[in-house]
Amino acid sequence: MRRSLATAATATAVALTASLAVGCGALDKALDCADTAVTIAGTVGDLQEAASSAAEDPTEVRQSLESIDKDLDKLADETDDGDVSKAVKEMNTAVKEARTDIDQGRDPDIGAIGDAADGLTKVCEPG
C-alpha cells in the first residue's frame with residue numbers, strides 16, 4: 001500500500017510538472033506571437049505614413065511591405081496554431097494585394113493591411 005501511494009504521488013508530481021511545462025510553453029508561444037504582432041502593427045503604422053507619398057515614391061511602401069513579409073514568415077514558421085496561421089495568411093494576402101497595387105501604379109489599400117494586422121493581434125493575445 002505504501003509503495004502504491006509513493007508511486008501515485010510520484011506520478012501525480014510528474015504529471016503536474018509536465019502540465020505546467022506545457023502551459024509555460026504555450027504562454028511563451030503566445031507572448032512571442034504577441035511580440036511579433038506588435039512589431040507588425042508598428043510596421044503597419046510606418047506603412048500608413050509611407051502610403052501618403054506612394055504615388056511619388058513607392059520605395060518606402062515597398063520597404064515596409066518587405067518588413068511585414070519577414071515578420072509574417074517568422075511567425076508562420078514558429079506557430080502551429082490554426083487561428084494564428086489563418087490570420088497570417090489573411091495578412092499575407094493583404095500585403096500581396098498592396099504590392100500589386102503599387103506595381104500597377106495605384107495607391108495601395110492600407111486599410112486591408114490594418115484590418116488584417118488587427119485580426120492577427122487579436123489571435124495572438126495571451127489568455
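Before moving on, here are some points about what is shown:
Quick grid of which residues meet (1) surrounded by fewer than 16 Cβ atoms within 10 Å (Cβ to Cβ); (2) more than 17 Å from ALA34 (Cα to Cα):
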{"site": "GLU66", "(1), (2)": "yes, yes"}
{"site": "LYS74", "(1), (2)": "yes, no"}
{"site": "LYS86", "(1), (2)": "yes, no"}
{"site": "ALA94", "(1), (2)": "no, yes"}
{"site": "ILE110", "(1), (2)": "no, yes"}
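- Of all the residues in segment 65-85, those that are over 10 Å from ALA116 (Cβ atoms), touching a residue at least 12 places away in the same chain (Cβ under 8 Å) and either assigned to a helix (DSSP H, G or I) or polar (S, T, N, Q) (or both) number 11.
- Candidates LEU16, LEU27, LEU47, LEU31, filtered to the one that is assigned to a helix (DSSP H, G or I) and at pLDDT 80 or above: LEU47
- Test: residue in segment 48-62 that is under 17 Å from the mean Cα position of the chain (by Cα) and free of Cβ contacts under 8 Å to residues at least 60 places away in the same chain: no
The values are calculated or read from the model by the stated rules, or taken from the named source; none is laboratory data. What you see is a predicted model, and the numbers here were worked out from it, not measured in a lab. For neighbour counting, all protein chains shown are included, and Cβ atoms are generated from backbone atoms with ideal geometry for every residue, glycine included.
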